[in-house]
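J.: There's a structure below that I have some questions on.
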Amino acid sequence: MLAAADLQPVMPSLTAAYEHATGIHLNVSFGSSSTLATQIMNGEPADLFLAADFSFPEKVVAANLADTPAPIAYARGALVLWARKDSPLQPLTQNTLHDDHFSRLAIANPDHAPYGRAAVAALTWMKLYDRLKPQLVVAENIAQTAQFVESGNAQLGLISLTLASSEHFQQVGSFVRIPHTAYPEIRQCAVVMRNSPRRAEAHAFLDWLRSPAIQGNLTKYGLEAVK
Amino acid sequence: MDFQALWLTLRLALSTTLLLMLIALPLARWIASGNGPLRALTQTLVALPLVLPPTVLGYYLLVLLGPLTAPGRMLIRLLGHPLAFSFSGLVVGSVLYSLPFAVQPLIAGFRAVPVGLVETAATLGASPGRVFRSITLPLAKPSLITAAVLAFTHTVGEFGVVLMLGGNIPGATRTLSIALYDQVQDFNYAAANRTAALLLIFSVVALVPIYLRRSSDTRSVLA
C-alpha cells in the first residue's frame, strides 16, 4: 500500500486494527501524493494507493492503471495552524496569521501537495496570501512542513489535522483549525491497481475503511468521514 | 527555463567554491605536511560528507543548528537569522557538503610536490610561508584547479542538503536541482528534461578540461 504523507500517524493504528480483525498484514510506504503517483505511473508495484486528494489518484486512473473508472473517496482531510507549545505566538487563535508577529510560515508545496494547495487557498480566502507570501517557506510534503515548525525554524505551519493530532505533535505543540469554508474540501481518494494480484484484498481493505464503523471513528485520527 | 534558479545555483556554487578554497588550502596544507592520529582524524571528518547521505547533513543542520539549540541560537545572533531558509544557510551546508571535494585533491597535490625542492628552498633561507607560496602552490596548481572545479560542480548538483534546509524560496533557495525535482513532481516532463540537460551539459563542460589537462601534464608520474 502506498499512502500519502498525511496518513503517516494514522496508518499504524488502522492497519493494526485491520490485522486484528482479519489477520491480513498490510505493508505501507509513505510519500507525497505526487511522488507516489509518479512512481506508480512509472511502474512501481503496488496494490492500493491512498492519496491525500482526488487529483493524484485521478492521474493514475487516466493512465489506465486503476481498476475503477474513478478514484474512491475514503476520508476528508482538515487543515490546521500549528505552533510549538513554547512559541511566543501561543495561544493560537483565528487572528494569529492576521497579526503577523512571526517571520516564517511553513506550508507544503501548493503545486503538488494537496494540503499545500489548501493552505494557499485558505490564505487567499483570508486575504493574507499576498502579504504573507515573502514569509512562506515551502516544504516537499506535509511531514516536512511539520518538521520545519517543530525544529523551530518556522514559527507557524499550516499542516494536516492528522499530523497535528498525532501523539508526538500533541506533546510538542498545539493547533487551531482553519475554517472549512476557507479552502476547497480535501477529499482523500484511493485507487486499487489494475495489475495487482491482490485486488480483491485491496478492495476488502478499502471497503472496511469506508464502512460506517470506521468512518465514525475517523475523527480520532484527525480525519473526517466522507459524506 | 528557470533563469532565476540557474542564476541562484551559479551564485551558490561560486560563493561556496570561494569560501571553500579559503578553508581548504590551509587545512590541506596542514594535513599534507605531516602524519599522526590528529591528521588522520581530521581527514576522516573531512571525508564524512562523502559517505553521509546529504539529507542527513541537511537534517542535522536544520535541527542541530536551529533555534532550539545553543549553537543554533549563537549562529542566529551571528547571522541575524536562522540558518534554514536562507542563502547563507545554503552556503554553510554546501561548504560542508563539498568539503572533501576541495580538500582531497589539494592534499594529493601538495603531497606530490617533491620534498627535495621544499627542503632546498628552506636551506636557502625561505620561510615556510614563502616555500608554500613560491614552491608548493605553483607546483600544485593543477590540483588547485581540480579542487575548485569539483567543489563548484558538486555544489551545482547538490540536492539533499538544499531540500532539507532550503524551503524552496525563489531567488534565495530554489536551486536548479530543486526546480528539476518540482518539475518532475508536477508531471512537467518537458521542463524537467530541459533542466536536466542543462545540468548535464554544464557538468560535462566543466569536467572535460580537467581530464584533458591531466593527460597533458608532463609532471604526471605515470605519463
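Read-outs throughout are calculated quantities, based only on the coordinates presented, and are distinct from any laboratory measurement. Computed from a predicted model, the values in this text were never measured in an experiment. Cβ atoms come from the backbone with ideal geometry, glycine included; neighbour counts cover every protein chain shown.
J.: Once both axes come from the Cα atoms, what is the angle between helix B:37-51 and the longest principal axis of chain B, in degrees from 0 to 90, rounded to 10?
T.: 30
J.: If we count other beta carbons within 10 Å of each Cβ, what is the order of B:201, A:107, A:178, A:214, fewest first?
T.: Details: B:201 10, A:107 29, A:178 23, A:214 19.
Ranked by crowding around the Cβ, least crowded first: B:201, A:214, A:178, A:107.
J.: Kindly express, to the nearest 10 degrees and within the range 0 to 90, the angle between helix A:11-22's C-alpha long axis and the longest C-alpha principal axis of chain A.
T.: Helix A:11-22 and the main axis of chain A meet at about 30 degrees.
J.: Regarding segment A:87-162, what are the three Cα extents along the principal axes, ordered largest first, in Å?
T.: Projected onto the principal axes, the Cα atoms of segment A:87-162 cover 29, 27, 23 Å.
J.: Right, another one. Only bridges with both residues in the protein assembly as shown count here: give the DSSP antiparallel percent, nearest 5.
T.: Here the share of antiparallel DSSP bridges comes out near 65 percent.
J.: State the Cα centre-to-centre distance between segment B:72-151 and segment A:1-58 in whole Å.
T.: So the two Cα centres are separated by 48 Å.
J.: If you average the C-alpha positions of segment B:1-33 and of segment A:115-166 separately, how far apart do those two centres end up, in angstrom?
T.: Between the Cα centre of segment B:1-33 and that of segment A:115-166, the gap is 32 Å.
J.: Just the number, please: percent antiparallel of the DSSP beta bridges in segment A:78-182, rounded to the nearest 5.
T.: Working: 9 of 15 bridges.
Antiparallel: roughly 60 percent of the beta bridges in segment A:78-182.
J.: I would also like to ask the following. Projected area of chain A, taken from the Cα convex hull and averaged over every viewing direction, in nm²?
T.: Mean projected area of the Cα convex hull: 12.0 nm².
J.: List the pairs from A:59/A:220; A:59/A:227; A:127/A:220 whose alpha-carbon separation is above 28 Å, in the order I gave them.
T.: Numbers: A:59/A:220 30 Å; A:59/A:227 23 Å; A:127/A:220 31 Å.
Checking Cα-Cα distances, A:59/A:220; A:127/A:220 exceed 28 Å.
J.: Students often forget the sequence filter, so: which aspartates and glutamates lie under 12 Å Cα-Cα from residue A:85 once same-chain residues fewer than 8 apart are removed?
T.: Result set, ordered by chain and number: A:150.
J.: Can you give me the convex hull volume of the Cα atoms of segment B:3-216, divided per residue and expressed in Å³?
T.: 141
J.: In Å and whole numbers, how far do the C-alpha atoms of segment B:53-156 stretch along each principal axis, longest first?
T.: So the three principal-axis extents are 55, 27, 19 Å.
J.: To the nearest Å, what is the center-to-center distance of segment A:75-98 and segment B:191-215, using C-alpha atoms only?
T.: Each part reduced to its Cα centre gives a spacing of 46 Å.
J.: Is the shape of the protein assembly as shown best called rounded, prolate or oblate, per the rule: a/c under 1.5 gives rounded, else a/b larger than b/c gives prolate, else oblate, with a ≥ b ≥ c the square roots of the Cα gyration tensor eigenvalues? Let's see the in-between values first.
T.: Details: a/c = 2.53, a/b = 1.94, b/c = 1.30.
Prolate.
J.: Tilt of helix B:87-111 relative to the longest C-alpha principal axis of chain B, in degrees (0 to 90, nearest 10)?
T.: 20
J.: Per the Kirkwood formula on distinct C-alpha pairs, the Rh of segment B:1-124 is how many angstrom?
T.: 16.6
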